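Novice: Once you've had a glance at the structure underneath, I'll fire off some questions.
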Amino acid sequence: MLKEKLAERGFNIDTRSLQRDLSQKLSTQFPIGCDDSQKPYQWYFDRDFQCQLPALDVPSALTLVLAEEYLKGLLPPVVVGQLSPHFTDARRLLDEMNSNGLSQWARKVRAIPNGKALIPAALNEMTWQIVSQALLEQKSVDVEYLSRTSKTKKHFTLHPQGLVSRHSVTYLLAQWTTMTIFVSSPCTALKQPL
């Protein structure tokens, strides 16, 4: 049954290799036992074994790898940090599975925007963290704005309302007094919600 399940997911392996992997490789990392009193052998997990982590299969790993770059610009840094081990595990799983066609998919496809790609402005990590935290916690944020035509910095308190991601560029949708504007300037501090 295990051999058939593996074949359904693109892993073609002979019975002896599967038994060898179970006894020599997986049994060193998991509490796996074997009832070899009859053939075919019966493999099982120890009765007391409890796994809290969901198994990562190739389709799930592929989905995580393809979603990682897209999601990094949309999720708060704290969430990206929490997901980072899952992204790493997904990349590792795909890298180890050269014979499975799905494992190669992430290397063979790319999403390309229509027309010319916009080059995102340089944004330091602390600025992104402050802005995403303000949006997440519904706090206002103080910013300094320097227009292209003026040499004088202006100070504003913005009320983040959302993020708009357009291909490679992410915009902050914020409210300033009665105007709604797009912002791409550095933030200096967080304030309590007004």
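Computed from the coordinates by the stated procedures, all read-outs in this text should not be read as laboratory data. Not measured: the values here are computed from a predicted model. Ideal geometry is used to build each Cβ from the backbone, glycine not excepted, and the neighbour counts take in all protein chains shown.
Novice: Sorted by average packing, counted as other Cβ atoms within 10 angstrom per residue and highest first, what order do 13-23, 33-43 take? Each step should come with its number before you reach the end.
Specialist: Working: 13-23: 13.2, 33-43: 11.2.
Order by mean packing, descending: 13-23, 33-43.
Novice: Shifting gears a bit: What FRET efficiency do you get for LYS5 and VAL109 if R0 is 22 Å and r is their Cβ-Cβ distance, rounded to the nearest 0.05? Can you show the working numbers first?
Specialist: Values: r = 26 Å, r/R0 = 1.19.
It comes to 0.25.
Novice: Additional query: Output wanted: per-residue J couplings in Hz (rounded whole) for segment 19-33, from phi through Karplus 6.51 cos²θ - 1.76 cosθ + 1.60, θ = phi - 60°, x for Gly and Pro.
Specialist: 4, 5, 5, 5, 7, 9, 9, 6, 5, 7, 10, 10, x, 9, x
Novice: Next up: Can you pull the one-decimal nm distance between simple spin-label points at SER23 and LYS153, each 7 Å off the Cα toward Cβ?
Specialist: 7.0
Novice: Set the Förster distance to 25 Å, then compute FRET efficiency between LEU146 and TRP176 from the Cβ-Cβ distance, nearest 0.05.
Specialist: Numbers: r = 16 Å, r/R0 = 0.62.
Computed FRET efficiency for LEU146 and TRP176 comes out at 0.95.
Novice: Taking H as built 1.01 Å from N, whose amide H comes closer than 5 Å to the amide H of TYR41, not counting residues under 5 places away?
Specialist: Close amide H contacts, sequence-distant or interchain: none at all.
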